[in-house]
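Here the structure comes first, spelled out in structure tokens, and everything after it is commentary.
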Amino acid sequence: MKRAPAFALLFLAGCGDRLFAPCDIRTARCQESLTNGLRQLRNESAIAPSVMVRSEEEVVADSIDSTTPAERESFARQNTILSLLGLSQPGLSLDAQVQNRFDRVAAFYSSSTDAITVIDRGQALDGVGPALTFTHELVHAMQGAEGLLALASQDVDTTDEGLAHRAITEGEATFYEDLAGFDLFGWDDDEHEKALAYYRDSTAYYAVFEDLLIYNASILFPYAFGAAYVRRIWEQGGQPAVVATYDALPSTTFGVIDGEEPSALLGADAIAVPTADYTVAIADRFGAFIVRAWCSRQDFIGCEDIQDDGFTGLVSADGTSSIAIWRMRVRPPNADFLLQRARDAGFNVSLVGDDLIFVASNTGSRVDYTTLVTGWRSNDD
Amino acid sequence: MFVGGRALASALRYNGEVIWIVACAVLAVGEEPITQEPIAEEPTAEQPLADETGAEEPRVEEPPRFELREMENQRPGLRDESGFTLTVGVGPAFGGIGVSLGYTFEATQLVHLSPYVGGGFIGVEANDEAELWGGAAAGLLTSVGRRHRVVLDVIFGSTAVQYLRFHGYEMTRRSWGPTALIGYAFVTKNHFMVRGALGPSFIALPYSPEHDHWSLAAQLAVGKTF
């Protein structure tokens with residue numbers, strides 16, 4: 001008789017107290033349960049977001065309906081330029097891009113409506129996956145309640161900066177989703193760091209094969225690289241340190257990937273200033289994730305040595321000519337090496353100092369950028 | 001099949017124990033009946049004793065039953081099987097593939113109990129890398145029968161390797177729990193045992209609410225009691 005309790009204790013020793021359990025996320029009880037579990041992991045933010053379960057068709061239709069003709073025209077013009085250097089596919093419409101984006105989204109949180117939308121694709125909503133997805137969105141709801149989402153979305157000047165900021169918001173949400181996952185599976189998180197390293201590496205690897213890299217970077221980079229970045233901060237100072245990061249957000253993906261901001265920034269040499277025959281349609285920095293994935297896609301070697309980039313998209317006054325100028329600062333002495341590889345691959349590329357300048361146009365002829373550019377400026381201007 | 005089996009057994013008997021086991025396995029397939037010497041019958045009412053008939057027939061001295069048993073036990077394959085048992089095999093009793101050491105008690109002439117501990121290793125592959133993991137187990141093997149036996153093996157040990165794919169990364173861990181196997185064993189006259197068993201295995205530790213707890217376990221083993 002005495003052995004029975006001892007055996008029961010042995011049996012239950014591995015159970016422990018679980019913070020999370022799979023449940024039907026459409027029910028208020030489940031939502032409350034997951035919220036309470038998250039509060040014990042993160043903090044005591046009081047949140048009560050509304051929850052909607054909608055079909056993908058509805059969500060896509062809403063998003064498309066909210067776009068204006070001017071936005072569609074601008075998207076088409078910019079996409080033409082981006083396609084010149086293989087960052088997108090020519091002819092992609094804004095509608096198609098919206099569809100492409102939601103194809104990979106399971107749920108999202110809207111801070112403007114304080115609502116979590118779960119996309120219903122006919123899957124069960126009472127399993128582990130939906131519970132973790134919902135927990136991820138609950139973190140965003142907490143960020144919204146604490147004003148952190150607003151901090152992350154202000155003063156975003158470039159694609160690179162936007163990705164870096166999203167790496168914190170999505171990274172934090174992914175990090176806590178992971179902790180919830182370990183709790184839910186009854187698994188120690190001692191291999192979490194390895195799992196995140198694998199996640200980063202595999203994401204960087206698959207990004208190379210993305211046909212719509214410039215758009216899909218936003219649904220690849222922030223999660224994989226952000227979770228590892230936030231975990232490092234969390235290990236040093238817990239959730240207060242993570243919250244403090246929002247006051248000093250990384251400004252580049254170079255900083256998120258490499259752990260420190262690049263020392264050799266293009267600065268005032270980032271964006272081309274064209275002659276009067278052209279107007280600037282795109283003035284951007286794409287950052288480490290995009291530029292290195294693009295570089296690897298061309299089968300170049302030494303892509304990790306690219307330290308900064310500035311992308312200028314030009315459109316002629318009559319709208320018939322589009323030109324892409326992509327300037328990349330390369331850590332010496334590898335610029336010469338990359339230049340040779342790029343030329344061998346058939347790119348129209350020049351070397352100015354330690355910078356490579358790629359030029360592509362839709363006119364069918366090689367363009368000497370010096371005939372188009374009167375000077376350079378910072379992408380912060 | 002049956003005659004061939006016997007011929008094979010006879011021919012190879014002198015070549016060593018291992019081959020003897022093979023020969024026995026052939027016999028098992030052939031379903032050779034165990035040959036036992038007849039035991040002298042007890043006198044019954046239908047067989048009146050000599051002194052009841054009055055005839056002066058010489059009385060046959062019948063040995064007492066306990067002496068008969070001793071004689072039986074001295075026959076090859078039926079003598080006392082108690083002793084240390086060393087077994088090699090594959091299955092939960094070995095933590096994968098390995099060995100076990102136990103002590104076999106002869107509870108009755110037909111029932112043998114053998115508590116044991118086992119250890120071994122198992123190959124684990126995760127993230128395109130393979131490695132060997134050690135495993136351990138303790139159990140109680142109960143066998144019922146003479147040469148053809150039913151075996152019940154109750155084990156607590158490393159039952160399985162659990163996988164959890166996290167962001168594409170495969171995490172692995174040993175799981176522990178009880179296993180109950182039932183199967184068949186063949187025991188030679190020299191106390192070699194070949195056995196196979198199947199049964200359910202329960203993953204108890206570490207407890208994972210989202211993993212399957214039950215699995216089907218199988219075991220193959222060859223052992224000898226010394």
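Amide hydrogen proximity for residue B:96: with H placed 1.01 Å from N in the peptide plane, the residues at 5 or more positions away or on another chain lying under 5 Å are B:91. With Rh defined as the Kirkwood radius, the inverse of the mean 1/r over Cα pairs, the Rg/Rh of chain A is 1.04. Measuring r between the beta carbons of residue A:337 and residue B:113 and using R0 = 45 Å, the FRET efficiency lands at 0.05.
Using the Cβ atoms and a cut-off under 13 Å, what net charge is assigned to the surroundings of residue A:232, where Lys and Arg are +1 and Asp and Glu are -1? Counting the neighbours of residue A:232, the net charge comes to -3. Of the trypsin sites (Lys or Arg not before Pro) found in region A:96-159, the ones in coil according to DSSP and having at most 12 other Cβ atoms within 10 Å of their Cβ are A:104, A:121.
Gyration tensor analysis over the Cα atoms of region B:69-226 returns equivalent ellipsoid semi-axes of 35, 14, 11 Å (largest first, whole Å). In chain A, the longest principal axis of the Cα atoms and the axis of helix A:3-12 are about 20 degrees apart.
Comparing A:324, A:229, A:122 along the charge dipole axis of chain A, the residue lying farthest to the positive side is A:122, per the Cβ-charge model. For chain A, the longest principal axis of the C-alpha atoms and the axis of helix A:159-185 are separated by about 20°. The long axis of helix A:287-297 is offset from the longest Cα principal axis of chain A by roughly 70 degrees. The rule of thumb for compact globular proteins, 2.2 N^0.38 Å, goes into the C-alpha radius of gyration of region A:205-342 1.20 times. Report, in whole Å, the centroid distance computed from the Cα atoms of region A:246-262 and region A:44-83. Each part reduced to its Cα centre gives a spacing of 27 Å. Taken as Cα centroids, region A:275-290 and region A:116-188 sit 31 Å apart, rounded to the nearest whole angstrom. Using just its DSSP H runs of length 4 or more, each adding -39500 (n - 2.57), chain A gives a mean residue ellipticity at 222 nm of -15000 deg cm²/dmol after division by all residues.
In whole angstrom, note down how far apart the Cα centers of region A:312-373 and region A:201-226 are. About 24 Å separates the Cα centre of region A:312-373 from the one of region A:201-226.
No value in this document is a laboratory result; all are computed from the given coordinates. Small disclaimer: the values here were computed from a predicted structure and weren't measured. Don't worry about glycine lacking a Cβ; one is built from the backbone with ideal geometry, like all the others, and counts go over all protein chains shown.
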